[in-house]
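Engineer: The following block contains the structure, expressed as structure tokens.
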Amino acid sequence: MVAHQLDIARSALIIVDMQNDFVHSDGGFAHLARENPEANIDMPFLMGTIPQVKRLADAFRKAGRPAVYIAHVLKSDYSDAQFPYWEVDAREPQSQPHVHYRRHVGRTDHR
């Protein structure tokens, strides 16, 4: 195994999806976890990542290095959502559509 040295002078921290929908107790994943316990979504683990990510981001900033946040953003009507992983309940008013997360098993092509 080859050991790699971290060169902080050339490093950036990339933080992906640290958003309320994914890590907050009132976010979409938390609602999904409560409504579908068989999905085994470990919300305490997800929420526990917040202080660790903050600690890393603070350390990178203190070292003068960038901490870059990548956010998952959708239009309010979900017209740009990646189907078939998301579906909008058409019975809901478009100002407050209800989004269902679908478990997609067996497909590897993401068209």
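The values are calculated or read from the model by the stated rules, or taken from the named source; none is laboratory data. Treat the numbers as computed from the prediction; the structure is a model and nothing was measured. Every residue, glycine as well, gets a Cβ built from its backbone with ideal geometry; the counts of neighbours run over all protein chains shown.
Engineer: Checking the structure you have, find out if any residue of the range 42-50 is at pLDDT 75 or above and small (Gly, Ala, Ser).
Structural biologist: Yes.
Engineer: Next question, about the same structure. Considering (1) at pLDDT 90 or above; (2) over 21 Å from residue 23 (Cα atoms), say which one residue 58 fails and leave the rest.
Structural biologist: Failed condition: (2).
Engineer: Working carefully through the options 36, 40, find the one that is among the polar types (S, T, N, Q) and touching a strand residue (DSSP E or B) at 6+ places or on another chain (Cβ under 9 Å).
Structural biologist: 36
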